[in-house]
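This report refers to the structure that appears directly beneath it.
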Ligand SMILES: C[S@@+](CC[C@H](N)C(=O)[O-])C[C@H]1O[C@@H](n2cnc3c(N)ncnc32)[C@H](O)[C@@H]1O
């Protein structure tokens with residue numbers, strides 16, 4: 001969508017967090033895969049964080065520097081209200097496609113955001129951003145709708161991914177460490193098929 005802000009602010013204004021199709025009480029897969037790719041607690045960036053409990057869960061587990069970025073200020077405000085003000089928690093209101101990292105991160109996390117970037121130029125920009133944001137040796141954890149997943153979410157068309165396609169998008173500077181599938185159950189009881197890919201940035205960029 002051209003105006004992502006208007007769309008997503010509308011979504012978060014209309015529906016409480018626990019009623020959103022992507023709601024989960026605990027971001028268990030995310031936490032497990034983040035701790036797999038990042039054995040040390042480096043700065044984490046959660047893109048399209050929404051009102052997810054992930055940032056708070058990371059802080060509760062002793063992570064010291066967590067950034068949640070989303071195009072919806074309302075969603076991030078829900079994170080702040082739930083967790084409280086905390087110098088370790090950084091909230092960034094931005095459209096990912098127009099954003100540039102001002103500092104590097106040890107982990108990039110994305111649950112259910114990449115699949116909305118259906119324009120090839122936006123997906124390519126996403127891959128550039130991961131490469132700009134993540135330090136050599138750093139980790140990337142991406143969860144997207146898999147081949148059997150929904151074709152639409154929140155009224156928007158999505159692109160479904162096979163795990164290999166996520167690896168190909170990020171390119172040879174990243175090594176796939178783990179792929180998994182997960183059936184997410186929405187609050188209304190529908191199953192949604194997700195593909196998870198955990199990658200590590202190679203110490204030296206591949207030629
Ligand atoms: C399906 S929700 C997932 C939220 C969260 N990651 C979770 O797992 O609960 C997608 C999120 O991506 C955000 N989003 C969509 N397009 C975006 C963009 N271009 N830039 C930043 N955030 C975006 C939306 O506001 C929304 O919060």
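Bear in mind that the values in this text are calculations on the coordinates, not laboratory data. Only a predicted model underlies this, so the values are computations on that prediction, with no experimental measurement involved. Please note: Cβ atoms are built from the backbone with ideal geometry, for glycine as well, and neighbour counts cover all protein chains shown.
Note: relative contact order over region 123-207, using C-alpha pairs below 8 Å and six or more positions apart, is 38 percent.
Using the Cα coordinates of region 48-128, the gyration tensor eigenvalues translate into equivalent-ellipsoid semi-axes of 23, 14, 11 Å, sorted from longest to shortest.
Of all DSSP-defined beta bridges confined to the chain, some 50% are antiparallel rather than parallel. Here the spin labels are modelled as points 7 Å beyond Cα on the Cα-Cβ line, and at residue 202 and residue 14 they lie 4.5 nm apart.
Taking the Kirkwood radius as Rh and the Cα radius of gyration as Rg, region 6-110 has a ratio of Rg/Rh equal to 0.94. For the chain, the alpha-carbon coordinates run over 47, 39, 30 Å along the three principal axes, in decreasing order. I want to make sure I understand the PRE zone here: with the label point 7 angstrom from the Cα of residue 181 toward its beta carbon, which residues in region 144-161 have backbone N atoms less than 19 Å away? Answer for this model: 144-152, 159-161. The simple spin-label model puts a point 7 Å past each Cα toward its Cβ; for residue 124 and residue 94 those points are separated by 2.1 nm.
With neighbours defined as other Cβ atoms within 10 Å of a residue's Cβ, the residues 95, 65, 110 order from fewest to most as 95, 65, 110.
Note that region 140-207 shows a convex hull volume over its alpha carbon atoms of 84 Å³ per residue. Its residues counted as N, region 96-158 yields a C-alpha radius of gyration over 2.2 N^0.38 Å of 1.20.
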